[in-house]
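S.K.: I am attaching a structure below and will ask some questions about it afterwards.
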Ligand code: SF4
């Protein structure tokens with residue numbers, strides 16, 4: 001069993017109430033090979049919600065308490081992102097999940113590239129908060145579907 005970002009399986013849990021359906025992830029769920037996680041929802045954030053980006057460091061810095069996750073209007077949502085990451089990790093542990101296909105560029109799920117914290121659409125090398133925590137705990141994460 002693997003985990004997939006819920007929005008990749010067609011769940012409308014994205015910040016704007018949309019989804020990012022991706023056949024590679026959706027088929028795995030339909031075949032019973034994958035379970036959906038949405039770290040931001042697990043952290044208690046609503047749908048829709050204001051977009052957020054990591055500011056002042058990396059996802060690993062956020063987990064260590066040295067950087068923040070802020071919404072576009074400046075609301076600090078760090079706690080929700082960290083809580084959601086730990087909830088996603090717990091879910092993976094309960095289900096014996098060792099691999100995850102996650103939504104690219106997200107401040108929660110992104111793997112390898114994320115937005116740079118300026119809300120200008122620029123990408124930098126880095127992970128989302130949940131992706132970083134899963135990776136730190138031995139779960140293989142990879143980005144899918146742009
Ligand atoms: Fe999709 Fe992850 Fe964002 Fe949830 S937190 S909407 S699963 S990218």
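Coordinate-derived values only; no laboratory data. Please read these numbers as outputs of a predicted model, since none were measured by experiment. Here the Cβ positions follow ideal geometry from the backbone for every residue, glycine too, while neighbour counts run over all protein chains shown.
S.K.: With both bridge residues required to lie in the stretch 38-146, what share of the DSSP beta bridges run antiparallel, to the nearest 5%?
M.R.: Working: 8 of 14 bridges.
DSSP beta bridges in the stretch 38-146 are roughly 55 percent antiparallel.
S.K.: Also, quick follow-up: Would you mind classifying the stretch 58-103 by shape? Square roots of the alpha carbon gyration tensor eigenvalues, ordered a ≥ b ≥ c; an a/c under 1.5 is rounded, otherwise it is prolate if a/b is larger than b/c and oblate if not.
M.R.: Numbers: a/c = 2.39, a/b = 2.18, b/c = 1.09.
Cα axes put the stretch 58-103 in the prolate bin.
S.K.: While we're on this one: For the stretch 1-71, what size does the Cα cloud have along each of its three principal axes, sorted from largest down, in whole Å?
M.R.: On the principal axes, the stretch 1-71 reaches 40, 25, 18 Å in Cα extent.
S.K.: Highest first, please rank the peptides 7-19, 112-124 by the mean number of other Cβ atoms sitting within 10 Å of their residues. Could the numbers behind the result be given before it?
M.R.: Working: 7-19: 18.5, 112-124: 14.6.
Final packing ranking: 7-19, 112-124.
S.K.: Can you give me the relative contact order of the stretch 25-93 as a percent, contacts being Cα pairs under 8 Å and 6 or more apart?
M.R.: On the way: 81 pairs, mean separation 23.3, N = 69.
The value is 34 percent.
S.K.: Quote the relative contact order of the chain in percent (integer), defining contacts as alpha-carbon pairs under 8 Å separated by 6+ residues.
M.R.: Details: 345 pairs, mean separation 34.9, N = 146.
24 percent.
S.K.: Given N residues in the stretch 20-146, what is its alpha carbon radius of gyration divided by 2.2 N^0.38 Å? Could the numbers behind the result be given before it?
M.R.: Values: Rg = 13.7 Å, N = 127, 2.2 N^0.38 = 13.9 Å.
Here the Cα radius of gyration is 0.99 times the empirical estimate.
S.K.: Tilt of helix 78-94 relative to the longest C-alpha principal axis of the chain, in degrees (0 to 90, nearest 10)?
M.R.: 20
S.K.: Right, here's the next one. For the stretch 87-137, count the residues as N, evaluate 2.2 N^0.38 Å, and divide the Cα radius of gyration by that value, please.
M.R.: Numbers: Rg = 11.8 Å, N = 51, 2.2 N^0.38 = 9.8 Å.
So the Cα radius of gyration is 1.21 times the expected 2.2 N^0.38 Å.
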